[in-house]
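As structure tokens, the structure follows; a few thoughts come after it.
Coordinate-derived values only; no laboratory data. Only a predicted model underlies this, so the values are computations on that prediction, with no experimental measurement involved. Note that we place each Cβ from the backbone using ideal geometry, even for glycine, and neighbour counts take in every protein chain shown.
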Amino acid sequence: MKNYTNLILAGLVIILAAALTGVLVYVKNQPVQERAVQPLFEIAQMEPDSSKWGVNFPNQYDSFLKTKTNNIDTTYAGSSQFSWLERDPRQVILFAGYPFSKDYNDDRGHMNALEDVRKTKRLNLNDEDPKHTPATCYSCKSSDNPGLWDRLGMEAYNKMTFNEMTPNINNSIGCSNCHEAGTMRLIVTNPALKEALERQGRDWTTFTRQEMRTVVCANCHVEYYFKGDGKYLTFPWDNGTKIDEILSYYEKSGFKDWSYPGTDTPMLKAQHPEFEFFTADSTHYKAGVSCADCHMPYTRDGAAKYSSHDVHSPLLNPEAACGQCHTDTEYVVRRVNTIQEQVATTKLSTEDAIVDAINAIKAAVAAGNADPALLDQARKLHREAQFMWDIVSAENSTGFHNPEYALKILADSANRARQAQMLAAQSIGDVSLLNTGTYYVTPVP
């Protein structure tokens with residue numbers, strides 16, 4: 001009887017195990033379903049008014065509102081909209097002949113993006129001037145954009161002038177720039193990002209959620225340029241996203257932002273390449289850390305856990321931002337300060353080298369008897385040196401997103417600048433052009 005009972009029990013175990021295995025196999029083979037959200041308020045697709053999303057997600061929205069007033073500076077940057085031209089007067093020289101020499105303020109929080117772009121002196125809003133500021137300049141400033149791109153198409157959007165587009169733009173950066181209504185999944189909304197990834201053979205819809213917590217930032221925080229007469233927003237990623245690959249792209253395309261006065265160098269202006277910088281094999285990126293992990297850390301409101309949308313420097317809340325992985329946050333802050341000091345000091349020395357190159361090329365051009373081949377080589381090196389410096393300067397971490405990469409780029413930039421200075425001197429046989437200037441400005445403590 002005992003053996004009979006054991007056989008029955010063994011049989012039941014086998015049957016239950018088989019049934020469980022079948023259920024698991026069935027579930028595994030079902031198509032992935034997006035996480036359902038039971039909304040208090042039905043949000044339309046690409047809804048530009050973030051306050052409507054806030055009805056369903058009050059914690060996220062309330063924290064997002066803080067980006068309007070979180071104007072606290074860190075040692076080397078922050079969000080108070082200080083002037084880089086006042087903090088570092090070399091940049092007036094470096095961007096001579098380009099609007100950035102007239103107005104170059106640090107960025108404020110996301111909710112200020114629309115107000116700030118409309119106030120900048122870099123815009124040309126004179127309708128009588130044929131060189132209109134394109135509507136493309138709105139591309140990273142408004143939650144109205146996803147709907148406008150969907151309705152108008154990127155090409156028609158970019159062909160409009162800034163003034164023509166202004167009546168259509170009423171909301172600053174918001175929820176629709178990163179989220180799909182209904183599912184709340186993170187999505188690519190900028191057509192330029194989608195196209196750049198496609199040209200690389202990458203499909204963003206296959207990315208994991210953790211990957212998307214970095215990729216959505218690339219809707220805006222990237223290097224880009226306005227392609228052709230239509231000012232079509234384009235990411236120069238066809239060869240890759242590292243500095244030499246981007247330079248190679250621009251060299252082949254023959255693109256320039258402006259010609260430097262007195263040297264006629266075809267110049268490039270870097271934008272804000274945080275995505276390219278961070279994903280260039282940085283320590284944190286290789287460890288699987290996302291942008292949101294540090295800039296939008298998880299926090300709690302009672303039993304509710306949510307990602308803070310008060311996007312700002314992790315140095316302002318290191319316990320929440322860094323403490324998820326690092327137990328000694330005081331050490332982390334000291335380490336960050338050391339890295340940023342190294343990069344900031346090296347950046348200033350690189351600027352000195354570029355200014356010396358500019359002065360040498362100017363002198364060679366003014367002499368009127370320069371060897372054209374040597375002078376063209378000097379111009380090419382000037383173009384590369386300044387863009388490489390600018391990639392580090394315009395990137396909003398003072399090198400911390402990728403310290404080794406930043407210092408290598410600056411070293412290569414300074415080397416190119418000194419070579420440009422030497423070639424300019426050789427082009428007219430004037431060794432006095434090898435003298436260096438004194439442009440040092442004390443960094444902000």
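With helices as the sole contributors, the chain gives -14000 deg cm²/dmol at 222 nm; each DSSP H run of n ≥ 4 counts as -39500 (n - 2.57), and the sum is divided by every residue. For the chain, a Gaussian network of Cα nodes joined below 10 Å ranks Y76, Y331, Y224 by mean-square fluctuation, and the top entry is Y331.
Averaging 1/r across all pairs of distinct Cα atoms in region 109-254 and inverting the result yields a Kirkwood radius of 16.2 Å. The charge dipole of the chain, taken about the Cα centre with unit charges on the Cβ atoms of Lys, Arg (+1) and Asp, Glu (-1), comes to about 800 debye, rounded to the nearest 20.
Within the listed set V222, V333, V431, the Gaussian network model of the chain (springs between alpha-carbon atoms below 10 Å) gives the highest mean-square fluctuation for V431.
Each Lys or Arg adds one and each Asp or Glu subtracts one; over the other residues with Cβ under 13 Å from the Cβ of D352, this totals 0.
Say we join alpha carbon atoms closer than 10 Å with springs in a Gaussian network model of the chain; which of A411, A366, A196 then has the biggest fluctuation? Top of the fluctuation ranking is A366. Would you please classify the overall shape of region 264-346 from the alpha carbon gyration tensor, given that a ≥ b ≥ c denote the square roots of the eigenvalues, rounded means a/c under 1.5, and beyond that prolate means a/b larger than b/c while oblate covers the rest? Because a/c hits 1.5 or more and a/b exceeds b/c, region 264-346 counts as prolate. Extension gain, T166-T436: 0.36 nm per intervening residue step, less the Cα-Cα distance, totals 92.5 nm.
For the chain, the pair-distance distribution built from all alpha carbon pairs, in bins 10 Å wide starting at 0, is 4, 18, 27, 24, 13, 6, 4, 2, 1, 1, 0, 0 percent. Remark: spin-label model distance D103-Q342 equals 3.8 nm, labels positioned 7 Å along the Cα→Cβ axis. Helix screen, the chain: DSSP H segments with Cα axial length of 27 Å or more and mean Kyte-Doolittle hydropathy at least 1.0 are 2-28.
In this simple spin-label approximation, D301 and K119 carry label points 7 Å from Cα along the Cα→Cβ vector, and these lie 2.8 nm apart. For region 127-223, the set of trypsin sites (Lys or Arg not before Pro) satisfying both a DSSP loop assignment and a count of at most 10 other C-beta atoms within 10 Å is given as K131. Which net charge results for the neighbourhood of N177, defined as the other residues with beta-carbon distances under 10 angstrom from its beta-carbon, given Lys and Arg at +1 and Asp and Glu at -1? Once all neighbours under 10 Å are counted, the net charge is 0. Given their separation in residues at 0.36 nm each and the Cα-Cα distance between them, D328 and A96 gain 79.1 nm when the chain is fully extended. In the chain, taking the dipole from charged Cβ atoms about the Cα centre, the farthest positive-side position among A113, I428, I43 is held by I43.
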